[in-house]
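Have a look at the structure below, then the notes.
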Amino acid sequence: MMTMIASGHAQTESSEKSWTMDDCIRYAIVHSTNVRRKVMEEKIAKTEVQTVLSDFLPSVTGNVNGQYSWGRNIDPETNIYNNYTTFNNYYSLYATLTVFDGGQTINRFRQAKLLRRQGQTQLQQASDDKAIEVMQKFVDVVYAQRCVELASEKYDESTRLLMKTKRMEELGIKSLPDVALVESQVAEDDYNLTHSRNQFQTAMLALKSVMNYPVDDSLMVSYHPSGEVELPRVSDDIYTYALQNNPKAVSAQMNVRKAEFDHIIAKGRLLPSLSLQASVSTGYFRNISGGGSAPPFHTQFWDNVGEGLAASLSLPLFEFSRYKNVRKAKRNIELAQLEREETMRQLHDDITQAVLDCEGYAKEVEKMASKVESDSLAYHLSYRKYEEGMLSTFELRTSSNTLLDSRIRLLQMQMMYIIKRKLVNYYKGEGI
């Protein structure tokens, strides 16, 4: 699996160094907006675990009340009506502890822990997706860069051939139509070189885009693929491993488990809930208009202290929405199970397709390499015949174009093999 590596690259260094595929992947993951969003979501999920954990603790509430009263009111000392102006000051402290709530709190805590693990899995998935995307764009750049080199070699070779043909025309070995045909070949090769360079610039822009790399900064890539290919050794273990460890499969499993917790919590709301409450209260009273003196504040504060314990039992006799929520949660479980099955099937198909493609491109590389070798030999022999005046310019041009086409097709097969091979390794748990 691809892991996040927080490493920055200074712009001055990036313009001088040659970037490998791993360098580009690391840079892209660190600077990916989606990956950073998943990091924030994972931190939020961690905070949610701590929030739900606090529900196991008692809640404590403090209350302070000050009140002036005038006109007809009740004297708190005699409990009879009077017509005095009074000042009342009350203080209270309440603590409430939920003893039983149908398992809602414990299951919300388990669900929050599950969501945190799912956040970590989604972060891993975002990193893997970015790595695969960068890998594909990187290979496109390498392919385009190599096409530029092949086109440049072909153009240089055609230019040398034109000079030689002109000299042979001066010696009477070749005619003016031969020179014109070679000039046409040079013009075609010049166009192909320009086109290849434009394709390279487009591929480089796409790579910078997926990396979130500054477009105006230079970026040099370095990749030297091995000429050897091998058929992937694949068994049922790759499917078993991927279905148990691939982030897509793990996230689908967690979605089912989350839906099951929602169902359990919804059913818990149909059960009675029991809570305990403890309270401490005191107060201060003063008759402002009645004359006389009241006990001082600190005396009343301690003398008027009252304590209390209470138990509260709540019975949800009928609340239609709660029953509907239970049925809705049950349907969500079934929906999550269907999505899990679809994810597993799609993942299995993706693995199968990657393996088949890898095997197919490996065989194509071997066959195309043989063709390039044969076309190269045929071209060199044709060139010797052309120098000896035994081959026409048109035939040499055909042989040259055939060799170039074979080399480009071989390069294309090699690049596709690299992508599919790395995908197979990814599904096997060996990383990109």
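The values are calculated or read from the model by the stated rules, or taken from the named source; none is laboratory data. These figures come from a predicted structure and were not determined experimentally. Positions of Cβ are generated from backbone atoms using ideal geometry, with glycine treated the same way; all protein chains shown enter the neighbour counts. SASA here: full protein model, heavy atoms, side chains in, ligands and nucleic acids out. Shrake-Rupley method; radii C 1.70, N 1.55, O 1.52, S 1.80 Å.
Laid out as a table, the results:
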quantity: Count of residues meeting criterion [part of a helix (DSSP H, G or I), out of contact with any strand residue (DSSP E or B) (no Cβ under 8 Å at 6 or more places or on another chain) and either among the acidic types (Asp, Glu) or open to solvent by 40 Å² or more (accessible area, probe 1.4 Å) (or both)] in region 48-102; calculated: 6
quantity: Residue match in region 116-136 (condition: within 47 Å of the chain's Cα centre (by Cα) and part of a strand (DSSP E or B)); calculated: no
quantity: Among the residues listed as GLN185, GLN199, the single one being touching a Lys or Arg at 6+ places or on another chain (Cβ under 6 Å), in a helix (DSSP H, G or I) and either open to solvent by 50 Å² or more (accessible area, probe 1.4 Å) or not hydrophobic (A, V, I, L, M, F, W, C) (or both); calculated: GLN185
quantity: Long-range neighbours under 6 Å by Cβ, at least six apart or interchain, first residue in contact (Cβ under 8 Å) with a residue 60 or more places away in the chain and on the phi < 0 side of the Ramachandran plot within region 174-185, second of a type in the set (Gly, Ala, Ser) and surrounded by 18 or more Cβ atoms within 10 Å (Cβ to Cβ); calculated: GLN185/SER158
quantity: Subset tally (residues that are of a type in the set (A, V, I, L, M) and either touching a Phe, Trp or Tyr at 6+ places or on another chain (Cβ under 8 Å) or under 30 Å from THR85 (Cβ atoms) (or both)) for region 279-329; calculated: 4
quantity: Residue check, GLY172 modelled with pLDDT under 90, of a type outside the set (D, E, K, R), farther than 22 Å from GLN412 by Cα and outside any helix (DSSP H, G or I); calculated: yes
quantity: Hits in region 207-224 - residues which are open to solvent by less than 40 Å² (accessible area, probe 1.4 Å), closer than 14 Å to THR33 by Cα and not in a helix (DSSP H, G or I); calculated: TYR213
quantity: All positions within region 1-45 that are at pLDDT below 90, over 22 Å from GLU430 (Cα atoms) and either in a helix (DSSP H, G or I) or of a type in the set (Val, Ile, Thr) (or both); calculated: GLN11, THR12, GLU13, SER14
quantity: Some residue of region 245-257 being in contact (Cβ under 8 Å) with a residue 60 or more places away in the chain and of a type in the set (Ser, Thr, Tyr); calculated: yes
quantity: Leading residue by the ranking (most open to solvent (accessible area, probe 1.4 Å)) among those in region 283-335 that are among the polar types (S, T, N, Q), part of a helix (DSSP H, G or I) and closer than 30 Å to ASN88 by Cβ; calculated: THR299
